[in-house]
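Everything below concerns the one structure shown next.
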Amino acid sequence: MELPDITAYRTDEGLLVQRGDELFRLTDSNIDSLFAQKEPASWLRAQLVSAIPVLAPTEWLPPIQSQEVWAAGVTYLRSRDARMDEVKQAGGSSANFYDQVYDAQRPELFFKATPHRVVGPGGKVRIRSDGAWNVPEPEIALAINLRGRIFGYTIGNDMSARDIEGENPLYLPQAKVYSACCALGPGIVVRDTLPRSTTIEMEVRRGGGSIFAGETSLESMKRDFAELAAFLFRDNDFPSGCFLLTGTGIVPPNEFTLASGDEIRIRVTGLGTLINSVA
């Protein structure tokens, strides 16, 4: 008999775990405890034996404690084309970099956020004040324990200033890393790998109406999760584990840019829905 997926949430009450329709609080445990386990799924199931049933809280925190957030780029063909468009729009001359990395053996990996730069469900992400072309990037985020094992998944929003990155690839950290530049949640779904049929959907709403909607699936992704995680842990260590955003296959048209008050809805099959507004 197949066991149901388990979802771990971080709240003001501590670590909450959902199994089926039931929600439990784990005493003396937190998100860092989960990432420290050799077998996180088995550990969670053992903890549930003595866990306390609780009601759902009114607020969910981002499911991150001491972990770094990293990201992979140009893992979808749509993303490669969008990066090349950015360079042309910004008047840069490095479009071939993105074409090359899409086909290269080594993926693009970059640092994205420390925990204090991450917001959770219902939180407000930010757009850069010095960027004129700001977009959300809906992605699946891998939860990787300190041994480099992928044990769970959550939804991520890799906010990006496309004009800054397009002007010069050396500006990537400024385009990607700033206050409230990343959203994660609602929780970490602890399970085996996601099927290739998994769909990712995003809608952006403004003034009560939809201004953009798009959809993709893991079938459109060039690289697999294990490959990306292996490169991230090559000659690197993460004492508290880490999250790895796996790239986006949904890119709004070039004339689109986010504005304060917009609502971003990202839905991933099996992982739920992450909703954030723009500060």
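Give the calculated FRET efficiency between Lys38 and Leu77 to the nearest 0.05, with a Förster radius of 30 Å applied to their Cβ-Cβ distance.
Numbers: r = 36 Å, r/R0 = 1.22.
With R0 = 30 Å, the Cβ-Cβ based efficiency is 0.25.
Under a 1.4 angstrom probe, counting protein chains only, how are Lys112, Lys38 ranked by accessible area, largest first? Before the final figure, lay out each step's value.
Numbers: Lys112 0, Lys38 130 Å².
So, going from the largest accessible area down, we get Lys38, Lys112.
Mind checking Rg over Rh on segment 126-269, alpha carbons, Kirkwood formula for Rh?
Taking Rh as the inverse mean 1/r over Cα pairs, Rg/Rh reads 0.97.
Please work out the average accessible area per residue across segment 141-183, using the 1.4 Å probe convention, and give it in Å².
Values: 1220 Å² over 43 residues.
For segment 141-183, the per-residue accessible area is 28 Å².
Can you tell me the length gained on complete extension of the stretch Glu22 to Glu215, counting 0.36 nm per residue apart and subtracting the Cα distance?
Numbers: separation 193, 0.36 × 193 = 69.48 nm, distance 3.05 nm.
Contour length minus the Cα-Cα distance gives 66.4 nm.
Which number comes out as Rg/Rh for the chain once both Rg and the Kirkwood Rh are worked out on C-alpha atoms? Could you put the intermediate results ahead of the total?
Values: Rg = 18.3 Å, Rh = 19.0 Å.
Rounded to two decimals, Rg over Rh is 0.96.
How large are Rg and Dmax for segment 26-71 when calculated on the C-alpha trace, in angstrom?
Considering segment 26-71 through its Cα atoms, Rg and Dmax are 12.4, 36 Å.
Using just the helices of the chain, give the 222 nm mean residue ellipticity in deg cm²/dmol: DSSP H runs with n ≥ 4 each add -39,500 (n - 2.57), and the total is spread over all residues, rounded to 500. Display every interim value, and only then the final one.
On the way: 7 runs with 56 residues, N = 279.
Calculated at 222 nm, the ellipticity per residue is -5500 deg cm²/dmol.
Between Ala56 and His116, what is the label-to-label distance in nm when each label sits 7 Å out along the Cα-to-Cβ direction?
3.2 nm
Evaluate segment 100-169: find the radius of gyration of its Cα atoms, find its Kirkwood radius, and give the ratio Rg to Rh. Intermediate results must be reported in sequence, preceding the final value.
Numbers: Rg = 14.5 Å, Rh = 14.5 Å.
Taking Rh as the inverse mean 1/r over Cα pairs, Rg/Rh reads 1.00.
Could you give the distance between the Cα centres of segment 126-163 and segment 169-184, to the whole Å?
Centre-to-centre distance over Cα atoms comes out at 9 Å.
Among residues other than Leu26 whose Cβ falls under 15 Å from its Cβ, what is the net charge (Lys/Arg +1, Asp/Glu -1)?
Residues close to Leu26 contribute a combined charge of -1.
Sorting Glu108, Glu215 by accessible area (1.4 Å probe), largest first, what list results?
Glu215, Glu108
Find out how many positive minus negative residues lie around Asp237, taking Lys and Arg as positive, Asp and Glu as negative, among other residues whose Cβ is under 13 Å from that of Asp237.
Details: positive: Arg147, Arg234; negative: Glu68, Asp235.
Its environment carries a net charge of 0.
How much solvent-accessible surface does Thr273 expose, in Å² to the nearest 10, with a 1.4 Å probe and all protein chains in place?
Number for this one is 60 Å².
Considering only DSSP beta bridges whose two residues both sit in the chain, what percent are antiparallel, to the nearest 5?
Details: 62 of 70 bridges.
Close to 90 percent.
Using only the alpha carbons of segment 143-228, what is the convex hull's orientation-averaged projected area in square nanometres? Working shown, then result.
Numbers: hull surface 32.1 nm².
Answer in nm², one decimal: 8.0.
Carbon and sulfur atoms: what percent of the 1.4 Å accessible area of the chain do they account for? Before the final figure, lay out each step's value.
On the way: 5750 of 12220 Å².
That share works out to 47 percent.
Could you give the spread of the C-alpha atoms of segment 1-40 along their three principal axes, from largest to smallest, in whole angstroms?
Projected onto the principal axes, the Cα atoms of segment 1-40 cover 31, 24, 12 Å.
What is the calculated FRET efficiency for Gln105 to Ser197, with r their C-beta to C-beta distance and R₀ = 25 Å, to the nearest 0.05? Mind showing how you got there, number by number?
Details: r = 27 Å, r/R0 = 1.07.
In this case the efficiency is close to 0.40.
Keeping all protein chains in the complex and leaving out DNA, RNA and ligands, what accessible area do you get for Thr58 with a 1.4 Å probe, in Å² to the nearest 10?
150 Å²
The values are calculated or read from the model by the stated rules, or taken from the named source; none is laboratory data. Keep in mind it's a predicted model, so treat the numbers as computed, not measured. Using ideal geometry, Cβ is built from the backbone for each residue, glycine included, and neighbour counts are taken over all protein chains shown. To get the accessible areas, we keep the full protein, side chains included, count just its heavy atoms, and leave off ligands, DNA and RNA. Shrake-Rupley method; radii C 1.70, N 1.55, O 1.52, S 1.80 Å.
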